[in-house]
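Written out below as structure tokens is the structure these notes cover.
The values are calculated or read from the model by the stated rules, or taken from the named source; none is laboratory data. Since the model is a prediction, treat every value here as computed from it, not as a measurement. Neighbour counts are summed over all protein chains in view; Cβ atoms, including those assigned to glycine, are modelled from backbone coordinates with ideal geometry. The accessibility values were calculated without ligands, DNA or RNA, using every heavy atom of the protein model including side chains. Shrake-Rupley method; radii C 1.70, N 1.55, O 1.52, S 1.80 Å.
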Amino acid sequence: MKKTLQGLIALAFALAGSAFAAETAQEATVRKLIQSTFREGVKIDTVTKTPYSGLFEVRIGSDILYTDEKAQYLFTGEVIDAKNGTNYTKARIDDLSKVKFSELPLESALKMVKGDGKRVIAVFEDPNCGYCKQFRKTLNTLDNITVYTFMYNILSDDSKDKSKNIWCSADRNKAWDDWMLRGKAAPEAPANCNTPNDKIFALGQKMRVTGTPSVIFTDGSRAPGMLDVKMLESRIAAAASNNKAN
């Protein structure tokens, strides 16, 4: 069943694939019409005719809307195949949200290695995030994994200070675990200690990371929010399988 759904999604993208690469005259007309309905400053990235009942996909960043050929109506929500339950909108957004794992600045992340470390993920976490603290407990139950943690300071004014203190500690990983798992704060960092705080904040904004924790897998897919062990293991295995397939 899973392979069937993946095939349907691939077929849907293939039918619209040529349009993703080069905008047609009809798509350009729809873009012009629909652009006039948005407030100034809102940029439409692409307009693409879909295989879904004549709808046109309107993409603004990683957000997806739909319109008709006359741009008379604007539709929000998800396109779901009533026969098989395939969520084409979610599949499209997941595809748009993918990143190149190899291009992540891993040198600016904390690195935890357990066992052989062969399985790899990256995660954006804020030191003041309660869900991140719970997720850290989940991560500690895994074996044979490498976890790159980007301290992404978005929740509180002192998140940046806490991240600096942890980054400037003699043992960063210990300082992070002490805080996230045991509530033990790291000592105050020297004023002249440099951190990647601003770099990671800019990266997260560019990637549209809007909450923590947010997990990035090696196939470029991501999972916003806290995952339980079973789901995390499943996503890691799926990413490894996708990497082999590609």
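Within the stretch 138-160, does at least one residue satisfy the condition of being touching a helix residue (DSSP H, G or I) at 6+ places or on another chain (Cβ under 8 Å), surrounded by 18 or more Cβ atoms within 10 Å (Cβ to Cβ) and under 16 Å from residue 184 (Cβ atoms)?
Within the stretch 138-160, not a single residue is touching a helix residue (DSSP H, G or I) at 6+ places or on another chain (Cβ under 8 Å), surrounded by 18 or more Cβ atoms within 10 Å (Cβ to Cβ) and under 16 Å from residue 184 (Cβ atoms).
Need the failing condition index for residue 47 against (1) farther than 26 Å from residue 224 by Cβ; (2) open to solvent by less than 50 Å² (accessible area, probe 1.4 Å); (3) free of Cβ contacts under 8 Å to residues at least 40 places away in the same chain; (4) more than 25 Å from the chain's Cα centre (by Cα), just the number.
So the condition that residue 47 fails would be (4).
Just for the stretch 178-210: of the residues that are surrounded by 12 or more Cβ atoms within 10 Å (Cβ to Cβ), free of Cβ contacts under 8 Å to residues at least 60 places away in the same chain and outside any loop (DSSP other than H, G, I, E, B), which one is farthest from the chain's Cα centre (by Cα)?
178
Answer with yes or no whether residue 122 is in a helix (DSSP H, G or I), open to solvent by less than 30 Å² (accessible area, probe 1.4 Å) and not acidic (Asp, Glu).
On the way: in a helix (DSSP H, G or I): no; open to solvent by less than 30 Å² (accessible area, probe 1.4 Å): yes; not acidic (Asp, Glu): yes.
It is false that residue 122 is in a helix (DSSP H, G or I), open to solvent by less than 30 Å² (accessible area, probe 1.4 Å) and not acidic (Asp, Glu).
Could you list, ordered by first residue, the pairs with Cβ atoms under 8 Å in which the first is in the stretch 72-83 and within 22 Å of residue 36 (Cβ to Cβ) and the second is open to solvent by less than 100 Å² (accessible area, probe 1.4 Å) and of a type in the set (A, V, I, L, M), at least 6 apart or interchain?
Between residues of the stretch 72-83 that are within 22 Å of residue 36 (Cβ to Cβ) and residues that are open to solvent by less than 100 Å² (accessible area, probe 1.4 Å) and of a type in the set (A, V, I, L, M), the close pairs are 74/34; 74/58; 74/65; 75/55; 75/65; 76/65.
Listed here are the residues, each with its yes/no results for (1) open to solvent by less than 50 Å² (accessible area, probe 1.4 Å); (2) within 19 Å of residue 213 (Cβ to Cβ).
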site: 53; (1), (2): no, no
site: 89; (1), (2): yes, no
site: 92; (1), (2): yes, no
site: 97; (1), (2): yes, yes
site: 112; (1), (2): yes, yes
site: 135; (1), (2): yes, yes
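Go through the stretch 225-238 residue by residue and tally those that are in contact (Cβ under 8 Å) with a residue 40 or more places away in the chain and either crowded, with 20+ Cβ neighbours inside 10 Å or not charged (D, E, K, R) (or both). Write out each step before concluding.
Pass one, the stretch 225-238, residues in contact (Cβ under 8 Å) with a residue 40 or more places away in the chain: 225-229, 232-233, 236.
With the extra rule that they be either crowded, with 20+ Cβ neighbours inside 10 Å or not charged (D, E, K, R) (or both), the set shrinks to 225-227, 229, 232, 236.
The total comes to 6.
Quick one: count up the residues across the stretch 211-224 that are under 17 Å from residue 140 (Cα atoms) and surrounded by fewer than 18 Cβ atoms within 10 Å (Cβ to Cβ).
0
Looking at 107, 78, which one is touching a helix residue (DSSP H, G or I) at 6+ places or on another chain (Cβ under 7 Å) and open to solvent by 30 Å² or more (accessible area, probe 1.4 Å)?
On the way: 107 fails: touching a helix residue (DSSP H, G or I) at 6+ places or on another chain (Cβ under 7 Å).
Going through 107, 78 in turn, the sole match is 78.
Of everything in the stretch 162-176, what is of a type outside the set (S, T, N, Q), surrounded by fewer than 18 Cβ atoms within 10 Å (Cβ to Cβ) and part of a helix (DSSP H, G or I)? Give them in sequence order.
Kept after step one, since they are of a type outside the set (S, T, N, Q), are these residues of the stretch 162-176: 162, 164, 166-168, 170-172, 174-176.
So of that shortlist, the ones also surrounded by fewer than 18 Cβ atoms within 10 Å (Cβ to Cβ) come out as 170-171, 174.
Selection gives 174 alone.
If you go through the stretch 219-232, how many residues are in contact with a Lys or Arg (Cβ under 9 Å, 6 or more places away or on another chain) and under 25 Å from residue 130 (Cα atoms)? Please lay out each step first, then the result.
Restricting attention to the stretch 219-232, the residues satisfying the condition of being in contact with a Lys or Arg (Cβ under 9 Å, 6 or more places away or on another chain) are 219-223, 227.
Going one step further and asking which of them are under 25 Å from residue 130 (Cα atoms), we end up with 221-223, 227.
So the count comes out to 4.
Have a look at 164, 199 and point out the one that is in contact with a helix residue (DSSP H, G or I) (Cβ under 7 Å, 6 or more places away or on another chain) and within 15 Å of residue 127 (Cβ to Cβ).
On the way: 199 fails: within 15 Å of residue 127 (Cβ to Cβ).
Criteria check complete, one pass: 164.
Evaluate the stretch 158-168: report whether one residue or more is within 17 Å of the chain's Cα centre (by Cα) and β-branched (Val, Ile, Thr).
Our first condition is that a residue be within 17 Å of the chain's Cα centre (by Cα); within the stretch 158-168, this holds for none.
So far as the stretch 158-168 goes, no, none of its residues is within 17 Å of the chain's Cα centre (by Cα) and β-branched (Val, Ile, Thr).
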